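Notes follow once the structure below has been shown.
The values are calculated or read from the model by the stated rules, or taken from the named source; none is laboratory data. Just so it is clear, the model here is predicted, and its values are computed rather than measured. When we count neighbours, we look across all protein chains shown, and the Cβ atoms used for this are built from the backbone with ideal geometry, even at glycine. What goes into the accessible areas is simple: the full protein's heavy atoms, side chains included, and nothing from ligands, DNA or RNA. Shrake-Rupley method; radii C 1.70, N 1.55, O 1.52, S 1.80 Å.
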Amino acid sequence: MSLAWRPGGWGAAWLGILTLALASRGKASPRAHLLGLALFVTISDFAGHPWQFAFIDAYLPGGLSRSWPLVPLLALVWLGPQIAVLYGAWRMTRRPSLPLWLWLPAAWILGEAAHRALTGVDHGAWLYSQWQNPWVLRAVAAWGWHAALLVALVTATALAEVLGGAFDAWRTGEEGRPRVALVLLVLGGLSFALMPPLRGLGPKAFEGIAAVHLQSIKQPVGAVSSDLRLLVWPELTLERGPALDEGASFREVIPPPLRSKGLHHLLGVQTSSRRGLMNAIAALAPGGRVLGVRAKSHLFPLTETPAWGAMLAGATPYAAGSVPPLLEVEGRRLGVLICLEAMDRSLAAAAKRAGASLLVVSTVEAEGASSELGQANLLGVDVLRAVETGLPLMRSAQGGCAAFIDRDGRLLSRSSRETTGLLTAQGDRTAPTAATSGAPKVGQVAVLCSRRTPELLPQLPASAMRLYPIEGYMRSGAQADTVIVSGEGVPPYWLGVPAERVAECVAGFHPRLVILDTCYGASLQLLEALVAAGVQATVVGPAYPIPASGLVYGPDFLKAVSPDQKAQHVRTDPPYPLLRWAVVPSALAQLRAEMDRWGPFEFRSHLFSAHPSLVRLNLPGRPEPSARVLAWVAPSRFSSSR
């Protein structure tokens, strides 16, 4: 287990190995032992990482409630390697009977290696549970990862042998103490207890550096003080960067998000190269000139690179980087790791060999850090990277927390998960984000959003918005003249929920203007749901996908008084027609009746998109293309046999 989210919680991981070892001494049948192993590994993993349910819910089509039949398959892929290796080792060692301390630690280590080879990630590795255990951290620093893990597992299983032998002797009255296990237990305990303490460098190792932590890429970070010389930004802060390949000494200029005299940047940017799109970090001089680029080489399966030939719908495939994980900026040689790469021990070691004096982790982790427990797990990964390499480590994050970690594993400082600002090794310099409760103030707009996608907020000043996450939202009596629905739109879901739920939340504000700042906002189902919920308002929305940056709000948007005036100050970039319409229920009823008369030929002739399955229609009495709305239909409607 990895219940290391509070001081002392690392002991649960030792208890888990001890319990597994004691259970493996039994005389159970092969089937019973296999079931027991599957149960143990499943409980161990999900008790240590319950935030994985939120992660699964975010990425499965329609969420966990609709795709729950896929969960057993995912669990088999995720946990199967560990279960299979442990079970195979147990079967092989029954005859001849081998001591637990000899085979179980080796099997556990092989199981972790098999899991890592199959999935590409290892944040559930047993050692990560020990990030608050000073004795294990000292062992990792002195002996290395595998030796420290082996000694820990041998010590725990030797304890199980000793306890099991003592119980057998008490039950049967026969002498039979496992002397070798007792010796190993003593040696293992002494080896951890006698490790010398680690020595850190303290805040001076991070002098002049600040990590940016963002709840959304659209929220302002704040002012930069003159003592800062380097800002480290999260992964993909700039989504549409210039055409840049990996390397150094470029002529291109990327305007940095914040400017200050003498201030360098490490900026997360999406670049395009001859090999395709790249998820990269660019080192920028104070004026924005590109000093070097390093692209992510360890890509996340399903979301950044195909796994078993498949990718998730809407995911962006990236080309893998190939240069060493090192960038030179502001006179420093920095080992740069992007998101998932913090779990790649070989990349951190390569950065150290290349001469890095400091490790930098730049990440987006809105799902992985959706709870304090999930954030602690990711911090544990970074602590072990710093201790194992002997290099101080800092992290910047969007959706998670920034942190400064000394080479001895001490957490010098960390930010809150729900703030936007700058963090230094001495402390946080945070700008508060928009509130998420109470009534909007005069001039503010209510923004209905999702905690899953904090990066998809409207392009408006934070002070002009009051955010209302749709997860768990209840009508509070707050009223707003303008409501913006901002987030993902993949019909028949918007913000990850059905149209009826969105409309119910919007109706609670009694708005006069509703802006659907989401893909496929001008959809028949969503408009019908608004009418059914009693919304009487002007609606603005696109009948097509829009960029992650969303709709563009003109400088006079907040100054305009009437809904029609505000609606005219909303556009796309580049300009494309938007639906701007004071909803007429009878027109929607007419469209629905027209669709009900269609056969498969008409559905196919009006096809707009196959995934999701959408057909295009025009509002009666309005000119094209501003009259365009879309309607989601079941794929079977395109077939003559239903």
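Summary of values
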quantity: 10 °C / 1.306 mPa s Stokes-Einstein diffusion coefficient of the range 523-642, Kirkwood radius on C-alpha pairs, µm²/s; calculated: 101
quantity: Approximate spin-label separation Leu194-Lys27, in nm, with each point projected 7 Å along Cα-to-Cβ; calculated: 4.1
quantity: Per residue value of the accessible surface for the chain (all protein chains in place, 1.4 Å probe), Å²; calculated: 44
quantity: Helix 100-119 axis, angle to the chain major axis (alpha carbon atoms, nearest 10°); calculated: 20
quantity: Residue-level accessible surface for Phe250, protein heavy atoms, 1.4 Å, Å²; calculated: 40
quantity: With every protein chain in place, the range 81-195: carbon and sulfur % of accessible area (1.4 Å); calculated: 67
quantity: Placed amide H near Arg451: partners under 5 Å, 5+ positions off or other chain; calculated: Ile470, Glu471
quantity: Rounded to the nearest 20 debye, dipole of the chain from Cβ charges on Lys, Arg, Asp, Glu; calculated: 440
quantity: Other-chain or far-sequence residues with amide H under 5 Å of Ala307's (modelled H); calculated: Leu302
quantity: Cα-based reach from Lys296 at 13 Å (exclusive), listing aspartates and glutamates while leaving out same-chain residues under 8 positions away; calculated: Glu235, Asp245, Glu246, Glu304, Glu341, Asp344
quantity: Net charge of neighbours whose Cβ lies under 15 Å from the Cβ of Gly292, counting Lys and Arg as +1 and Asp and Glu as -1; calculated: +1
quantity: Farthest toward positive dipole pole in the chain [+1 Lys/Arg, -1 Asp/Glu at C-beta], among Pro234, Gln536, Leu340; calculated: Leu340
quantity: Met343 accessible area, 1.4 Å probe, all protein chains in place, Å² to nearest 10; calculated: 30
quantity: 222 nm mean residue ellipticity, helices alone, for the chain (DSSP H n ≥ 4; -39,500 (n - 2.57); rounded to 500); calculated: -10500 deg cm²/dmol
quantity: Estimated Rh, the range 560-611: Kirkwood, alpha-carbon pairs, angstrom; calculated: 14.2
quantity: Ranked by how many other beta carbons lie within 10 Å on average, peptides 33-41, 330-338, 129-137 from highest; calculated: 129-137, 330-338, 33-41
quantity: Tilt relative to the chain, helix 372-389 - C-alpha long axis, 0 to 90 degrees, to 10; calculated: 50
quantity: Nitroxide proxy distance, nm - points 7 Å out along Cα→Cβ at Ala248 and Thr316; calculated: 2.7
quantity: Cα-projected label distance for Ser586 with Gln568, points at 7 Å along beta-carbon direction, nm; calculated: 2.7
